[in-house]
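These notes are about the structure you will find just below.
The values are calculated or read from the model by the stated rules, or taken from the named source; none is laboratory data. Because the structure is predicted, anything quoted here is derived from the model rather than measured. Every residue, glycine among them, receives a Cβ derived from its backbone with ideal geometry; neighbour counts consider all protein chains shown.
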Amino acid sequence: MTTAGAGLLAACVLGLAAAVAGVGLPRRARAWAVGVATALMALGALVAALAVIIGDRAFTARLPSVLPLSGVTIALDPLGALFVVVAAVVAVPVAVYGVGYALHGPDGRAFHAVVPLFVLSLLLVPAAGSVTTLLVLWELMAVASTLLVLADHRRSPAARDAGQWYAVMTHLGLVAILIGLVVFAGHAGGESFAVLRARGPHLSSSVRSAVFLLALVGFGSKAGVVPLHVWLPKAHPEAPSHISALMSGVMVNLGVYGIVRVGWDLLGGGPRWWGVVVLAVGAVSALFGVLHALVSSDLKRLLAYSTTENVGLMLIGVGAAGLFAADGHRTLAAIAMAAALLHVLNHALFKALLFLGAGSVLTATGTRDLDRLGGLARSMPVTTATFAVGALAIAALPPLNGFVSEWLLLQSLVHSLPSTSATVAVAMPVAVAVVALTGGLAAATFVKALGTGFLARARSEEAEAAHDPTVAMQVAMVALAGGCVAAGVAPTVAAVPLERATAVLGPLSTAVAFRGSGSSLRLNGISGSMSPAAIAVGLVIAACVVLGMLRAVGSPRARRRAEAWGCGRTVQTARMEYTATSFAEPLQRVFDDVLRPDLDLDVSHASESRYHIDAVRYRHGIRDAVDTGIYQPLLRAVGGWGRWARRVQNGSIHRYLAYALVAVLTVLVVAR
Amino acid sequence: MTVGDDAVAALQVLVVTGSAPLLVGVTRKVRALLEGRAGASVAQPWRDLRKLFGKERIVPEHASWVFGVAPLVVVSTVSLVAAAVPFVSTRAPLAGVGDLFTVAYLLLVGTVALALAGLDPGTAFGGMGASREMTIAALAEPTVLLAVFALSVPARSSSLARIVAATLAAPHRAVSVESLLAFAAFAVVVVAEAGRLPVDNPATHLELTMVHEAMVLEYAGPDLALVELGAAMRLVVLLGLMASLFAPWGIATTARPAQVALATLAFVAKVGVLGAALAGFEVFVAKLRLFRVPELLAASFVLALLAVTVSFFLA
Amino acid sequence: MRRLARKIARTGRVTEPAPPLAYDDEGCPPAARALRGSLQVRHVDAGSCNGCELEVASAFGPVYDAERFGVRLVASPRHADALLVTGPVTRNMAVPLVKTWGATPAPKLVVALGDCALDCGVFRGGYGVAGAVADVVPVDVSVPGCPPAPEAIIVALRRLTGQ
Amino acid sequence: MSGSLYVQLLDLTAGLVLVCAFVVLWRRDLAAIIRALAVQGAAVAGVAAVSGAHHRDAEPLVVAAVVFGLKAVAVPAVLRRTVGRGGDTREVTPLVNIPASLVAAAALTLVSYAATTPVVAVAPSPETRTIPIGVAVVLIGLFTLATRRKAITQIVGFLLVDNGIALIAFVATAGVPLVVELGASLDLLLAVLILQVLTVRMRTKTGGLDLDALQELRD
């Protein structure tokens, strides 16, 4: 038995054991046992995935007896292995975090039994080797995550609503995937990925396009792309925080995985417009997501919208890769795809970290509202420091990891010109502009989240009394922060795995994105290099020199603490601070036409005189335009249809018999 | 005899650091002269810094470690940029950093650090400044990256050394349509990023109109000196980038000491001329309302977009 | 724009030549020596009638141009070396003045400008007046006059910068 | 004139035509808009002059002189007089706000580039490569007509369309016959004069140049 097989088997066994332990063990031991078993399970899968990547050989296994009719096919190739690595790298710290979180969050038997199953499904989906296997694991993942979203439903009614939305959206997505893959398998004459891969490129173009679009819709709904993202800002804030970390950090990635796997592996790539569609979807998601993240003052909602944004960036990379591949630019395609895949890893690291940070804040203060937080830097130093690393990384600032993938993405886009195709020439400047605007707004968003949520003065008593969470939770956050720094400084380690992962994709095979030479990252085929390590070292040296100079000129080192300068005001309170809402107000005003905020200002005057104001009430809210513009009318229409259906179906047995008669008559007439 | 690459990098940092306060002195002097005043000596900003380094440090009572670290980050990032951009020599002193995208993001690090420090003390004005600064930075970002895009198309690389070398090899490119459009776009961005009129008034005393100044209202003594030095160096770096990208003549392509010395002089002269021009321009314009700034940035964005488009279609 | 350019060209320099520096060492407070030729001033109006403000504005205007001697007005006491206080200290401004003084990093100076700042002037004994500047914060330099002429302000400031 | 210098000059003048169209959208001040229009007229004349100088042909030079006199001097002067008679000097609230119009105009430019690629591909030459600029200016002119409220800016939009067409005519045919250009120019001048008379009458009737006021006439 190979290492990969042993690792996967161990993961499955440990996962099931953890689920059993969750049900069976007494309350005190439960969290520990489940946490340790889950972490070990993730490690097992990590070993398996690394073995596949290092050996550069896919691991396949057929287990005909596990499922009736079709059996289970496991096929872990380097592309899938990369996603398993991402899932495992996030799952280990999350499992550790979960041990500490159990003291504050849901702690029931069912909850502890479902968490390992969810993690197991996340680890196994990229290893699925046939349509049935994929669909079964996908459904396991969907059901498990729905249950976890609902975990807190007793405490918050919003969780029930979120769970409902999530269940509906995810199953509509499943239906799309199901139809797409079944059609695909039907035309290809087999359901294992090997058969699909062999036949996919030779199917008629209409079938291929239909399968691709269905897969895009189905996997896109899981990835949270606009306009299928509506469940995301509802479900992620309500789920327990480490579950949100798994959902945002890992599960949405699997949507991207599905699009890449079906579109550019099984179908073998397609015409130019596939790339353009994915690119457009990515661009819209990135901008829409970041704009809503910018104006959210609920920390977890902000992070959820930022997930939509980051998925958008990944899809820009995937779409650009498809576009370049269709034009025959393999090198550029490989760089764009590598950028997208590297961003998958980076996003998993920092988004999980940020959600864990948000969870720590939530347990310490009981609120996610940035307008009521603040001052945590002094009361929760570890959480603040790790959250700061995550925030700076997601804002794509060097020398952290978000910058590396953004740089790669920009390089691939920029080197597309001069090109002979007008589509490329129009799409690329727009894509660069979108990436740039998204990056700028993301920086503003996370300055807001960090600056108003963690720095400044406490805006409420709860924030004042906060303290860092338990050791297990701290360890998890520090580990992820370390991951962000490591992936930022040494991205060259990822060169080979990315090369092997992109080589799986037919149209991109044999192309190499970048190589590490020394500490610097050198693009292959085009001129471009960047050394994150040099940036980090340079910054440290510069800072040391500056400190040395300060010492040399005899600057005083002691600092006097003094009251903040408030223009001589006699009283200065935290209520005078800029809040998260006020921080985002100028940008919200600039993008008024897109965000369409609801503003409501009531001024009531004193009864004696109109010149004396009694009270001013200002309300302000921003609703998701897609939600209010598309889904609410749709829901109303469905509701209306339901009412009509109720009239038809009133329970009278005679009427039902009459319907049957009409049906029979219709069949007779039609089939005549 | 040749000058080593590390020596060139160190030289660039020294030149930028040394000339930054002088450039501020020059802009103030030009402004004073145009206003009919005599103005302070060009070296006055250096005197101000020398004094500030010896003064007391004050930290607001609710501020965290971010407040103390931010000035260091500002100066470090801009120093690193100064070492990496081919101001004096195209021999790419720090190859891993001398990429236009990297430079743009490194400068953003300084902005973000200062914005966080503005929020940190928990005052109204600090938050206001941070909010405005990030608004402008976010809206300027598309222009920056598209201008980078336009410049990197002819050179087939976003490496600064390559762009400069390409322009040196084909000087007529410097007056091509795309280059002029990119120059115009870049000029607007420089004004916005350096916090000059008409986007921000560095000499304002009214807190409500402040952007950059509002963020640093709390800094005193050596911390303030670092913030001001960082801002001045940023201006030199931005103007130097403009000079290197659009008028790279004089930049050394070999490591001979004479050429390097000449290149240093050329750099100082170019930045001085650009600084004086900026100060002269500032006399003629008034500060824009904050909500008119997006219009200016949209215009610069369009110029940059046109530069990219034109570089493709007229090529 | 063209009109402004023509005006600038026609007007030329209006600053009057600087009189020789009357520098007497004992008149210079020790804190001023640590400043070494650079003085950032935060102006505090503690309850002035605005007469002194006009003269301060004039001292920093084109004709007297205090900036050429290394003096600059700044927006925050944190950036300042000296507080330029005008007017008698009113009850409402006493606390803000103390806070401003506290917010200024050492070494710091206080310049009391005008007769009111020195001894409350015509407002002495007024119901809203808390006292002279020296009653609230330690004063290092006094500039008498009601209001003091710009030349007097310039002389006092030059003594601090030594330029 | 050497080949590369000619291409460069042609590109610069054509680029200037496009930039002026953006300036028209960007500025609110009517005087600045008219100035941009005058510069644009001069640039259109410049295109004709450059191509005439390159092909050593006198006729385009004459056309250029006529176009310059008309588009850079006469028409702006007429417009300036209309503005100078009082009333509003600013386009205060366009139907589409300024950043959005600029972005829209950029999109129009991209569209015109993409749409004219096949046309340029028929006969690629330095002249035909500037056709997209002409098309873009026409589109921006139509956009101005659709989104600006003041009568003056409406006329400006109309003139933008005309400048765009003139540019296309110069570069697509390597020069327009003198007679045709003269005829077209005179028509244009006539149109502007008529529009000016109309705006003056409108101002005397309604007291302003806001076109929304005309909607009330229907009621």
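So here's what we get for this one:
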read-out: Complete set of residues in region A:547-586 that are part of a loop (DSSP other than H, G, I, E, B), closer than 25 Å to A:HIS292 by Cα and of a type in the set (Val, Ile, Thr); value: A:THR579
read-out: Residue in region A:401-408 that is facing chain B (nearest Cβ under 7 Å) and either within 28 Å of the chain's Cα centre (by Cα) or part of a helix (DSSP H, G or I) (or both) present; value: yes
read-out: Odd one out for B:ILE58, checked against (1) part of a helix (DSSP H, G or I); (2) modelled with pLDDT of 90 or more; (3) among the β-branched types (Val, Ile, Thr); value: (1)
read-out: Given (1) within 14 Å of chain B (Cβ to nearest Cβ); (2) of a type outside the set (A, V, I, L, M, F, W, C); (3) under 26 Å from the mean Cα position of the chain (by Cα), index of the condition A:GLU499 fails; value: (1)
read-out: Hits in region B:176-217 - residues which are away from chain D (no Cβ under 14 Å), more than 17 Å from the chain's Cα centre (by Cα) and over 18 Å from B:MET134 (Cα atoms); value: B:ALA203, B:THR204, B:HIS205, B:LEU206
read-out: Count of residues meeting criterion [within 8 Å of another protein chain (Cβ to nearest Cβ) and either within 24 Å of D:VAL120 (Cβ to Cβ) or assigned to a helix (DSSP H, G or I) (or both)] in region A:438-461; value: 10
read-out: Index of the failed condition, B:LEU146 passing every other in (1) at pLDDT 85 or above; (2) facing chain A (nearest Cβ under 7 Å); (3) farther than 18 Å from B:PHE186 by Cα; value: (3)
read-out: Subset of region A:36-52 (residues that are surrounded by 23 or more Cβ atoms within 10 Å (Cβ to Cβ) and either at pLDDT below 90 or more than 18 Å from A:GLY22 (Cβ to Cβ) (or both)); value: A:ALA45, A:ALA48, A:ALA49, A:VAL52
read-out: Residues of region C:99-119 satisfying the condition of being over 17 Å from the mean Cα position of the chain (by Cα) and not small (Gly, Ala, Ser); value: C:LYS99, C:PRO105
read-out: Residue count for region A:583-630, restricted to those that are away from chain B (no Cβ under 14 Å) and more than 26 Å from A:LYS234 (Cβ to Cβ); value: 17
read-out: Some residue of region A:390-399 being assigned to a helix (DSSP H, G or I), within 19 Å of the chain's Cα centre (by Cα) and within 10 Å of chain B (Cβ to nearest Cβ); value: yes
read-out: A:ALA543 being at the interface with another protein chain (Cβ under 9 Å from one of its Cβ atoms) and part of a helix (DSSP H, G or I); value: yes
read-out: Exclusive hit being under 30 Å from B:LEU49 (Cα atoms), under 35 Å from the mean Cα position of the chain (by Cα) and small (Gly, Ala, Ser), set A:GLY538, A:GLY516, A:GLY525, A:GLY568; value: A:GLY538
read-out: Members of region A:417-437 found to be within 29 Å of B:ILE136 (Cβ to Cβ) and more than 9 Å from chain B (Cβ to nearest Cβ), listed by number; value: A:ALA427, A:ALA431
read-out: Criterion violated by B:HIS205 - all others in (1) touching a residue at least 40 places away in the same chain (Cβ under 8 Å); (2) surrounded by fewer than 21 Cβ atoms within 10 Å (Cβ to Cβ); (3) farther than 30 Å from A:VAL414 by Cβ satisfied; value: (1)
read-out: Residue that is surrounded by the fewest Cβ atoms within 10 Å (Cβ to Cβ), among those in region A:498-548 that are in contact with a strand residue (DSSP E or B) (Cβ under 6 Å, 6 or more places away or on another chain) and within 30 Å of B:ALA70 (Cβ to Cβ); value: A:SER520
read-out: All positions within region B:58-94 that are small (Gly, Ala, Ser) and either buried (at least 24 other Cβ atoms within 10 Å of the Cβ) or within 8 Å of chain A (Cβ to nearest Cβ) (or both); value: B:ALA63, B:SER64, B:GLY68, B:ALA70, B:SER76, B:SER79, B:ALA82, B:ALA83, B:ALA84, B:SER89
read-out: Residue within region A:105-112 that is out of contact with any strand residue (DSSP E or B) (no Cβ under 7 Å at 6 or more places or on another chain), closer than 22 Å to A:ALA17 by Cβ and buried (at least 24 other Cβ atoms within 10 Å of the Cβ) present; value: yes
read-out: Tally of residues being modelled with pLDDT of 85 or more, basic (Lys, Arg) and outside any helix (DSSP H, G or I) across region A:587-622; value: 1
read-out: Residue that is nearest to the chain's Cα centre (by Cα), among those in region A:115-124 that are buried (at least 24 other Cβ atoms within 10 Å of the Cβ) and aliphatic (A, V, I, L, M); value: A:LEU122
read-out: Selection status of B:VAL97, facing another protein chain (nearest Cβ under 9 Å) and modelled with pLDDT under 90; value: yes
read-out: Elements of type helices (runs of 4 or more DSSP H) contained in region A:187-277, each with 3 or more residues being within 16 Å of the chain's Cα centre (by Cα); value: A:205-223, A:231-238, A:241-246, A:252-260
read-out: Tally, over region B:30-51, of residues that are more than 8 Å from every other protein chain (Cβ to nearest Cβ) and buried (at least 23 other Cβ atoms within 10 Å of the Cβ); value: 1
read-out: Residues satisfying the stated conditions in region A:147-176, i.e. surrounded by fewer than 20 Cβ atoms within 10 Å (Cβ to Cβ) and of a type in the set (S, T, N, Q); value: A:SER156, A:GLN164
read-out: Count of residues meeting criterion [within 11 Å of chain D (Cβ to nearest Cβ) and either buried (at least 23 other Cβ atoms within 10 Å of the Cβ) or under 21 Å from the mean Cα position of the chain (by Cα) (or both)] in region B:274-310; value: 17
read-out: Odd one out for D:ARG35 among (1) within 16 Å of the chain's Cα centre (by Cα); (2) charged (D, E, K, R); (3) at pLDDT below 85; value: (3)
read-out: Residues of region A:623-659 classified as outside any helix (DSSP H, G or I) and more than 19 Å from A:MET169 (Cβ to Cβ), total; value: 4
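Each row is one residue, and each column tells you yes or no for (1) at pLDDT below 80; (2) surrounded by 15 or more Cβ atoms within 10 Å (Cβ to Cβ).
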residue	(1), (2)
D:GLY46	no, yes
D:VAL50	no, yes
D:HIS54	no, yes
D:ALA64	no, yes
D:PHE68	no, yes
D:VAL73	no, no
D:PRO76	no, yes
D:LEU79	no, yes
D:VAL83	yes, yes
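For every residue, the table says whether it meets (1) in a helix (DSSP H, G or I); (2) in contact with a His (Cβ under 8 Å, 6 or more places away or on another chain).
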| residue | (1), (2) |
| --- | --- |
| A:ALA333 | yes, no |
| A:ALA338 | yes, no |
| A:LEU345 | yes, no |
| A:ALA352 | yes, no |
| A:ALA358 | yes, no |
| A:THR363 | yes, yes |
| A:THR367 | no, no |
| A:ASP371 | yes, no |
| A:ALA377 | yes, no |
